[in-house]
Amino acid sequence: MNSPIRLLIHGASGRMGQALLRLCATREDCIVVAAVARRVAQRVADGVPHFAAHELAGAPAFDVAIDFSLPDGFDGVLALCVERGAAFVSGTTGLSDAQRTALDQAAVRIPLLWAANFSIGVAVLTELVRRTAELVPEWDCDIVESHHTQKRDAPSGTAVVLAAAVDAARGRSPSIASLRAGDIVGEHLVQFTSHGERLELVHRATHRDLFAAGALRAALALKGRSPQPYRLADVLFPSR
Ligand SMILES: NC(=O)c1ccc[n+]([C@@H]2O[C@H](COP(=O)([O-])OP(=O)(O)OC[C@H]3O[C@@H](n4cnc5c(N)ncnc54)[C@H](OP(=O)(O)O)[C@@H]3O)[C@@H](O)[C@H]2O)c1
């Protein structure tokens, strides 16, 4: 077996960071060498060294950083990956235009993959939405996204990506409605409406572990790859 990849988990104390730490603890193909959050409560937890965001420069050598944090923590971890020549996988949403540009620039130096949604189902949904928008270009299209009340950004990054797929297919963006309620992990409904009929494409995430699994799969796929921006579809559907 190849040696395990060394991971830095950024946003380790959050909902997604915790899901990743739980997943990695069950695997032999990866080892978490650093868990980073804005603040640290414990220096070492379950054998994993923890670092505060201001200590990022002191993190040990790693192959790939997986980032699920917030936009204000994003720049530091991306810069660290570029400086160290490490791969970067991120699912942080609500990024600014400047941060999207920084991602494009970093991709010249390191392999990286940013995805608004790491589930296989949403990757399939995006393809179905694009194809439907092409097939019925004159129908109304609307997106409704629902998430838990702690989510900071709206609309969701996934809704923005789905809207871009519709726009690319027919040159017109759909409207997006955002609901924040209870503990909803993530739901995206894309509705195409005509007179007398309506087509609804919907994805419901019921557990965060699926996003963690997708992100880890991406991290394993990126190790040793050449610098460029990778798409989640390349990792999930490599034979296409
Ligand atoms: N792409 C996907 O598939 C997907 C799926 C789910 C969520 N997301 C996105 O992933 C991100 C995290 O979601 P979540 O639900 O896990 O959020 P969360 O529970 O609020 O966790 C945020 C994490 O980021 C850390 N953080 C905040 N500011 C930081 C900074 N300046 N420097 C370093 N770390 C910082 C927090 O540390 P402290 O606890 O110390 O503040 C915490 O560990 C969000 O943008 C969310 O929209 C993406």
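Just so it is clear, none of the values below were taken in a lab; they were calculated from the coordinates. In this text, all values refer to a predicted model and were calculated from it rather than measured experimentally. Every residue, glycine as well, gets a Cβ built from its backbone with ideal geometry; the counts of neighbours run over all protein chains shown.
Projecting the Cα atoms of Ile184, Gly214, Asn117 onto the charge dipole of the stretch 84-240, computed from C-beta unit charges around the Cα centre, puts Gly214 farthest toward the positive end.
Taking every DSSP bridge with both residues inside the stretch 2-135, close to 10 percent are antiparallel. Here's the picture: charge each Lys and Arg Cβ at +1 and each Asp and Glu Cβ at -1 in the stretch 116-175, and of Ser173, His147, Thr126 the one pushed furthest to the positive end of that dipole is His147. Which of Gly73, Thr26, Ala45 sits closest to the plus end of the dipole of the stretch 10-79, meaning its Cα is farthest towards the positive end, when Lys and Arg get +1 and Asp and Glu get -1 on the C-beta? Of Gly73, Thr26, Ala45, it is Ala45.
Please work out the C-alpha center-to-center distance from the stretch 193-240 to the stretch 123-164 and express it in whole Å. Each part's Cα centre sits 14 Å from the other's. Amide H to amide H distances under 5 Å link Cys30 with Ile5, where only residues 5 or more positions off or on other chains count and H is placed in the peptide plane. Between Asp97 and Leu179, the contour length at 0.36 nm per residue exceeds the Cα-Cα span by 27.1 nm. Dividing the alpha-carbon radius of gyration of the chain by the rule-of-thumb value 2.2 N^0.38 Å gives 1.05. In this calculation the C-beta distance from Glu55 to Ile31 is compared with R0 = 25 Å, giving a FRET efficiency of 0.80. For the stretch 48-64, backbone phi angles converted through the Karplus equation (6.51, -1.76, 1.60; θ = phi - 60°) give residue-by-residue couplings of 9, x, 10, 10, 7, 4, 6, 9, 3, 4, x, 5, x, 4, 9, 8, 9 Hz, Gly and Pro being listed as x. For the chain, the Cβ-based charge dipole about the Cα centre amounts to some 520 debye (Lys, Arg positive; Asp, Glu negative; other atoms uncharged). Using the Stokes-Einstein relation with a Kirkwood hydrodynamic radius computed over Cα pairs, the translational diffusion coefficient of the stretch 113-240 at 10 °C and a viscosity of 1.306 mPa s comes to 102 µm²/s. Listed by number, the DSSP H helices of the chain that run 18 Å or longer by alpha-carbon position along their axis and have mean Kyte hydropathy of at least -0.5 are 71-84, 120-135, 157-170, 209-222.
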